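Encoded as structure tokens, the structure appears first; notes follow it.
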Amino acid sequence: MPHYTELNIGPVHPSIHGIFNFKLILNEEIIQDVKVTLGFLHRNAEKLSELNLYADNIIFFDRMNYIDAMNMELGYLMSVEKLTGIEPPERAQWIRMIMVELNRLAARLVGMGSLGLDLGMLTPFFHTFKEREKIQRIFTEASGGRQEVNYFSVGGVYQDLTEQMINDIKNFLPQFKKNLEDMYNMFIHSEIFWQRNRGIGIIEPEMALDYGVTGPALRASGIPYDVRKDAPYLFYDRVNFDIPISHEKDNFGRFMVKVEEMRQSIRIIEQCLDKITDGPFFNPQGKKSLMLRIKGNGEAFSRVESDAGEFAVYVNGNNTTKPNRVHARSPGLRNLSLLPVISKGLMIADFIAVVGGLDPVVGEVDR
Amino acid sequence: MYKIISDDKDKGGMRMITLDKTDLIEAMTDFKNKGYYLTCLNGVDMKDHLDVIYFIHNFDTNDYISVKVSTNDEHMPSLTKLFRVADWDEREQYDLMGIVFDGHDDLRRLFLPDEWVGHPLRKDYDLKKVQYVNMDSEGNEHVSFDEKEGS
């Protein structure tokens, strides 16, 4: 007769990313089942978006994946721009691309640092957050906001990148490249990190597709799917970068894919800085005095590659200044739905590592 | 054989097909056999009826299609037997939009507490009636319209 114990983790617990609740059903220390309770951070941004103007809704998307705010804004704005026909000019697209990739670096740094923190490695956390702070200083310079930036606007960006800011980014990249390798070595030369991450949380490719998993978790299962390559938006078809994949399928593979993608992001930013053109940074149709009168009609759907995976926004307009329906496809929700399956048969300590490796951000899971 | 009612493009140039509710399972089985996966689904309240939009994606041919199905009685056939991703997605739409997916094994609310009254994304949801959530010592959530009970 097996003896089962129920262990409650969360809603507030130092080793989970945000507030959600897990109930682990344990046979001694082996996990038999996981029950996930969501909704502690649910603000119903989709309903709020229906009650506000097109241009005002950007802030709700900022607060979805709050560590990857630029990508969230971009997903929403791409849909709105398709709906309203307000195309951003070329310089705005380049600026957006630089900012999105910088934000991807910042989000990955949080993910790396907190994975280390979950496993009891305190040192890398301070290094990653120090680097992230430098990126956020660039954001503050550009938008006035550190984390919830509210930088993009319908048809462009809020303010132009000055020569000074471009120089800041140019100075930031070379030292970041070196520091990234240092941080990477900090993880990779730790025997404990290897032992804690290898062979746990295995996601088979078929299973990943069936559960709708995207992003680094899918690429670590050996499927080279990246929205930036498969359906290029902005100017991703004009820059060179590679899609790293791993056949490890486990937590360690996901970590390696994430780090390699950071190197690719640096490559993209460097090319953007070379190719950025002069010109207007917003479309006059989306200027501030006209922003309140933007009307949309029809349906639009667009997807971007965010930190966690494919983030997609559906906007439905009925020719008024407020959208009729906004829906955001959350990649974190899909990654999390796989958790009860992949954590069956693991130890409790490994479970914490798996959650850290999947790196769900609750703001985006609950919306 | 299922019948495609309309076949056009949305503002971004994505293919958008409309199906009848009775054809949904057959059509989705056919799409699944062709290598399509469900990526997400969402409901739209059109006031006189509900639309459910399924987004399917073929990773090999890089083809993204949206499939729209209308319903008058807030019931839809569940796709959980075909795609596992439909499990939580249908729970989310049941929770927020109030669409009942017939054939779903575990159709509970995903985000809101079980006792919550109404479905917030509906156009007729009354936003002025505030609901207060309270948790007892067992960890069960209780919902009340009375401020004193909920604090």
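The values are calculated or read from the model by the stated rules, or taken from the named source; none is laboratory data. Since the structure is predicted, the reported quantities are computational estimates derived from the model, not experimental observations. Glycine gets a Cβ as well: all are built from the backbone with ideal geometry, and neighbour counts include every protein chain shown. All accessible areas refer to the heavy atoms of the entire protein, side chains included, with ligands and DNA or RNA removed. Shrake-Rupley method; radii C 1.70, N 1.55, O 1.52, S 1.80 Å.
Taking segment A:230-252 on its own, how many of its residues are charged (D, E, K, R) and either farther than 15 Å from A:Leu218 by Cβ or within 14 Å of another protein chain (Cβ to nearest Cβ) (or both)?
Looking only at that region, the number is 4.
Checked against (1) open to solvent by 10 Å² or more (accessible area, probe 1.4 Å); (2) more than 14 Å from chain B (Cβ to nearest Cβ), A:Ile58 passes all but a single condition, namely (1).
For every residue, the table says whether it meets (1) over 15 Å from the mean Cα position of the chain (by Cα); (2) of a type outside the set (Asp, Glu).
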site	(1), (2)
B:Phe111	no, yes
B:Trp116	yes, yes
B:Pro120	no, yes
B:Lys123	yes, yes
B:Val133	yes, yes
B:Glu147	yes, no
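The criterion of at least 3 residues that are among the hydrophobic types (A, V, I, L, M, F, W, C) is met by the following strands (runs of 3 or more DSSP E) wholly inside segment A:262-367: A:296-305, A:310-320. Here A:Ser153 clears all of (1) in contact with a strand residue (DSSP E or B) (Cβ under 8 Å, 6 or more places away or on another chain); (2) within 26 Å of A:Phe241 (Cα to Cα); (3) surrounded by fewer than 24 Cβ atoms within 10 Å (Cβ to Cβ) except the condition numbered (2).
With respect to (1) over 24 Å from A:Ala231 (Cβ atoms); (2) more than 10 Å from chain A (Cβ to nearest Cβ); (3) open to solvent by 40 Å² or more (accessible area, probe 1.4 Å); (4) out of contact with any Lys or Arg (no Cβ under 9 Å at 6 or more places or on another chain), the lone exception for B:Ile25 is condition (4).
Per-residue answers, yes or no, for (1) surrounded by 24 or more Cβ atoms within 10 Å (Cβ to Cβ); (2) away from chain B (no Cβ under 13 Å); (3) more than 26 Å from A:Arg228 (Cα to Cα); (4) β-branched (Val, Ile, Thr):
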residue: A:Ile276; (1), (2), (3), (4): no, yes, no, yes
residue: A:Met291; (1), (2), (3), (4): no, yes, yes, no
residue: A:Arg303; (1), (2), (3), (4): yes, no, no, no
residue: A:Phe311; (1), (2), (3), (4): yes, no, no, no
residue: A:Asn316; (1), (2), (3), (4): yes, no, no, no
residue: A:Ala328; (1), (2), (3), (4): yes, no, no, no
residue: A:Gly332; (1), (2), (3), (4): yes, no, no, no
residue: A:Val341; (1), (2), (3), (4): no, no, yes, yes
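Among the residues of segment A:27-52, those that are within 11 Å of chain B (Cβ to nearest Cβ) and part of a loop (DSSP other than H, G, I, E, B) comprise A:Leu38, A:Gly39, A:Phe40, A:Leu41, A:His42, A:Arg43, A:Asn44.
Taking the stated definitions as given, is A:Gln147 closer than 25 Å to A:Tyr236 by Cα and at pLDDT below 90?
Details: closer than 25 Å to A:Tyr236 by Cα: yes; at pLDDT below 90: yes.
It is true that A:Gln147 is closer than 25 Å to A:Tyr236 by Cα and at pLDDT below 90.
Would you please name the residue that is nearest to the other protein chains (Cβ to nearest Cβ), looking only at residues in segment B:76-104 that are open to solvent by less than 10 Å² (accessible area, probe 1.4 Å) and β-branched (Val, Ile, Thr)? The qualifying residue nearest to the other protein chains (Cβ to nearest Cβ) is B:Val85. For segment B:37-55, enumerate the residues that are more than 13 Å from the chain's Cα centre (by Cα) and either facing another protein chain (nearest Cβ under 10 Å) or modelled with pLDDT of 90 or more (or both). B:Tyr37, B:Met46, B:Lys47, listed by residue number. Exactly one of (1) open to solvent by less than 40 Å² (accessible area, probe 1.4 Å); (2) more than 13 Å from chain A (Cβ to nearest Cβ); (3) in a loop (DSSP other than H, G, I, E, B) is unmet by B:Asp73. Its number? Going through the list (1) open to solvent by less than 40 Å² (accessible area, probe 1.4 Å); (2) more than 13 Å from chain A (Cβ to nearest Cβ); (3) in a loop (DSSP other than H, G, I, E, B), B:Asp73 breaks only (1). Among B:Arg84, B:Arg109, B:Arg91, which is in contact with a Gly (Cβ under 9 Å, 6 or more places away or on another chain), farther than 16 Å from B:Val143 by Cα and either part of a loop (DSSP other than H, G, I, E, B) or not assigned by TED's automatic domain parsing to the domain that holds B:Glu141 (or both)? Unique residue meeting the criteria: B:Arg84. Taken together, the criteria exclude B:Arg122 from residues that are of a type in the set (Lys, Arg), part of a loop (DSSP other than H, G, I, E, B) and open to solvent by 60 Å² or more (accessible area, probe 1.4 Å). Only one of the numbered conditions (1) hydrophobic (A, V, I, L, M, F, W, C); (2) more than 10 Å from every other protein chain (Cβ to nearest Cβ); (3) without any contact (Cβ under 8 Å) to a residue 40 or more places away in the chain; (4) surrounded by fewer than 24 Cβ atoms within 10 Å (Cβ to Cβ) is violated by A:Ile223, and that is (2). Being within 21 Å of the chain's Cα centre (by Cα), open to solvent by 60 Å² or more (accessible area, probe 1.4 Å) and among the basic types (Lys, Arg) holds for only one residue in A:Arg137, A:Arg228, and it is A:Arg137. If you go through segment A:13-55 and pick out every residue that is on the phi > 0 side of the Ramachandran plot, crowded, with 17+ Cβ neighbours inside 10 Å and out of contact with any helix residue (DSSP H, G or I) (no Cβ under 8 Å at 6 or more places or on another chain), you end up with 0.
Taking the conditions (1) under 24 Å from A:Arg334 (Cα atoms); (2) more than 14 Å from chain A (Cβ to nearest Cβ); (3) part of a loop (DSSP other than H, G, I, E, B) in turn, B:Asp30 satisfies each one other than (3).
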